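The values are calculated or read from the model by the stated rules, or taken from the named source; none is laboratory data. All figures in this text were calculated on a predicted structure; none of them were measured in a lab. So basically every Cβ, Gly included, is an ideal-geometry build from the backbone, and we count neighbours across all protein chains shown. The area values use the complete protein model at the heavy-atom level, side chains included, leaving out ligands, DNA and RNA. Shrake-Rupley method; radii C 1.70, N 1.55, O 1.52, S 1.80 Å.
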Amino acid sequence: MQFQSSWYRLCSKGNYPVLTKLERYRPDIDGLRAIAVISVVLYHVFPSYLPGGFVGVDIFFVISGFLISGIIYDDLSNGCFSLINFYVRRIRRIFPALILTLSATLAFGCFALFPNELQELSKHILGGASFISNLILWHESGYFDRASELKPLLHLWSLGVEEQFYIFWPLLLRLSWRRVPMMVIVTLLFATSFFVNVAMVENNHNAAFYSPLSRLWELAAGAILAQLVRMPYWKRVTLHIDQCRWVRNVISAAGFGIIAAALGCIDQKDFFPGWWAMLPVMGAVLIIGAGGSPYLNRTLLSNPIPVWFGRISFPLYLWHWPLLAYARIVTSGLPLAEIRVAVVLTSIVLAALTTLLIESHLRFGPYGQRKAAWLAVVMLAVAISSVVTFLSAGKIEDSSRLSPQMATSLSEDVSAHNNENCTQSADFPYRELNNDFFCMQSGNESATTMAIVGDSHAYPMYFGFYNHTIVNRRERLLMVGAPGCPPIRDIESFEKGSNDTCRILMGALLDRIERDSSIREVVLVARGPLYISGHGYGDVDKHDRILRRGPRTSPETDREIFAVGIEETIRAMQSAGKSVILVLSPPELGFEPKDCKNRRPLSFSGRNLKNCGIPYPDYLARSEPYRRAMSTLTRKIPGLKVIDPARFICDGEYCLAYSGDIFLYGDNNHLSPSGARLVVDRGMEYD
């Protein structure tokens, strides 16, 4: 029988069935599920209309903690709790819709994605099947990582957090039952996890968002409420509350108000989860804790329409995001509003069919353990299929879309070469200064003679200068930096709503390089137009970066801050006896280069190799303040060598994303390793 569907539920105790009395079914909780899932869907489809819609996931966590923990409490109280039965119920609840979604996502990806994209999708299929998507995404914040809106299974991070909680939570309750008060356990879990959440969000936002340790408190909040409503003291309190019915209405209304504030006021660039997550969590706790009798709960949430959406909320959550991500991929950008609306309607239809035709037969009814076993086997088959696809996708050569050389140049993963020994060595122990700090070092054991320092644009330059220094001159090359950190002392550089972690790190790196007498050449790399304008270029680049002057810099405008800062770095390095090479920013495309080729069997891309580039006048208009500043700098500093990628990428009409059989770009603004090799080889020869 479905939980909450009747007064009683069967549970087995030895060889005898036992009827356990449960709380009467509350349709308002299904209605609250509807608010959660609709908020998430609207946020993903029309984010400007509901900036805080992503907190619907936090509401889901509270509901799940309340209902599932309540089942465990009741089974333990009646002496019929079984870990096997618990996990059988979880498998029957989660696996049917998840297997269908994963299979459909992988099947479509085999036709619509390029080989490197298919490999990435296969990795996320395996993560979804093993409920570790959050851990995979946690560590995917590096260079050349695909934009989050283009990951068809990004949304499975929340399912990973939830199922990781249910791996240890039932076992912990079973072992501590009648030994330690339940309220003590769940309160300690809540407090510890919340403390970790607040501490993490200040230092590593990505970890705070995806780590189960920083999210468990939200499920624990629901578990606390489930324990409270089962305590004799709570029943006495509710008797007094029921004498003043307006109290429940006030509690419920307060919950609605808090959730409305969270949906309308929380921005994704705020420090989330952190303290902000208390809003949706507290709102959900108040609404559920108020019971089913308050006016808003029994009229708004218990209305048949939101209840129906609540019952299909899980498959709706699973279906909507892959459809929207694929729509973005095949249309090479944000789809038209009509397409996004069609995605929502299709998701609703698929969710309803999944609930009616799949879940109703596999989730409920007899032969529970047998069904769960078969579902586990099928999920294992999906996981194996993802591994096979990952291994075979790299060998795919589709000449109808990309030549082998182009496919190779487009799929080169520079972040895979990040040298952990380098980032953790005694020479460069800077990981604690910036979690995104990167460091790559050639294998030559001789002293380092050339150092590349800068933001994420320094990454491909390592491959550009590698042949020049290692192959041609047998010398050792070092590359250090962090995304979003220009090679400038005493400035803060940060995204809106985030902390600066650049000033201390870059100061330490530049001091270290300046003191090293073996380093004779220093290469400075930075994406200047981003820092000068404060924003990215094109619809695919949503960066908003802020520069703030430190105690040694006096200019006020971003252009002056950047230009003077670069000049100070160059003069300091030259004073230390080092020659300096300044690599200018390559033209920003404003689109993804892979979109220049159609995706079989789809043909929605508006570009092809004939116009795969940015018009030269558009490039000049975007980069004019930056190029004027760099031109002035070049005239002021004698002996400075400048490599300008635009000389070798642009003609009089276009700045192209490709040259011959190679893609020069890895994404909308970073050169590919192949592109960096071409730029450096020609730039070092150019006088």
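Run the accessible area of region 172-229 with a 1.4 Å probe and give the carbon-and-sulfur part as a rounded percent. Don't skip to the end; give the middle numbers.
Values: 1780 of 2500 Å².
Answer for region 172-229 is 71 percent, counting heavy atoms of protein chains only.
Between Ser518 and Asp661, with labels modelled 7 Å along Cα→Cβ, what's the label distance in nm to one decimal, could you check?
Here the answer is 3.9 nm between the modelled labels.
Explain nothing, just compute: Karplus ³J(HN,Hα) = 6.51 cos²θ - 1.76 cosθ + 1.60, θ = phi - 60°, for every residue of region 291-296 in order, whole Hz, x for Gly and Pro.
x, x, 8, x, 4, 5
Given R₀ = 51 Å, FRET efficiency for Arg178-Val341 by Cβ-Cβ distance, to 0.05? Mind showing how you got there, number by number?
Numbers: r = 54 Å, r/R0 = 1.06.
The pair Arg178/Val341 has a calculated efficiency of 0.40.
Just to be sure I understand the model, the point goes 7 Å from the Cα along the line to the Cβ. What's the resulting Asp681 to Thr634 distance in nm?
2.3
By how many nm would the segment from Leu356 to Trp275 grow when fully extended, if each residue of separation counts as 0.36 nm and the alpha-carbon distance is taken off?
My answer for the length gained is 25.2 nm.
Going by average Cβ neighbours within 10 Å, how do the peptides 614-626, 521-533 rank, with the highest at the top? Walk me through the intermediate numbers first.
Numbers: 614-626: 16.8, 521-533: 24.5.
Put in order of decreasing packing, that is 521-533, 614-626.
Give the value in nm², to one decimal: projected area of the alpha carbon convex hull of region 185-240, averaged over all directions. Spell out each step's value before the answer.
On the way: hull surface 17.1 nm².
Projected over every direction and averaged, the Cα hull of region 185-240 covers 4.3 nm².
How do Ser252, Ser103 rank by accessible surface area computed with a 1.4 Å probe, from largest to smallest?
Details: Ser252 0, Ser103 50 Å².
Descending order: Ser103, Ser252.
Can you give me the solvent accessible area of Glu338 with a 1.4 Å probe, rounded to the nearest 10 Å²?
Rounded to the nearest 10, that gives 130 Å².
Evaluate the distance, in nm, between pseudo-label points positioned 7 Å from the Cα of Ser103 and of Thr238 along their respective Cα→Cβ axes.
Taking the two extended label points, one gets 4.2 nm.
With r defined as the distance between the Cβ atoms of Ile504 and Ala199 and R0 fixed at 25 Å, what FRET efficiency is calculated, to the nearest 0.05? Could the numbers behind the result be given before it?
Values: r = 19 Å, r/R0 = 0.76.
Between Ile504 and Ala199 the formula returns 0.85.
Using per-residue counts of other Cβ atoms within 10 Å, averaged over each peptide, order 54-61, 665-672 from highest down.
On the way: 54-61: 26.5, 665-672: 24.5.
In decreasing order of mean packing, 54-61, 665-672 become 54-61, 665-672.
Just the projected area, averaged over all directions, of the convex hull on the alpha carbon atoms of region 134-263: how many nm²?
Working: hull surface 42.4 nm².
Result: a mean projected hull area of 10.6 nm².
Return the tail of the calculated pair distribution for region 252-348, meaning the percent of Cα-Cα pairs more than 18 Å apart. Intermediate results must be reported in sequence, preceding the final value.
Details: 2973 of 4656 pairs.
The answer is 64 percent, as a whole percent.
Label point 7 Å out from Leu171 along Cα-to-Cβ: which residues of region 188-209 have amide N under 16 Å?
None, by backbone N distance to the label point.
Would you please classify the overall shape of region 129-204 from the alpha carbon gyration tensor, given that a ≥ b ≥ c denote the square roots of the eigenvalues, rounded means a/c under 1.5, and beyond that prolate means a/b larger than b/c while oblate covers the rest?
Oblate, since a/c reaches 1.5 and b/c is not below a/b.
Amide H to amide H, which residues 5 or more places from Phe438 or on other chains are under 5 Å from it, using H placed in the peptide plane?
For Phe438, the qualifying residues are Gly481, Ala482.
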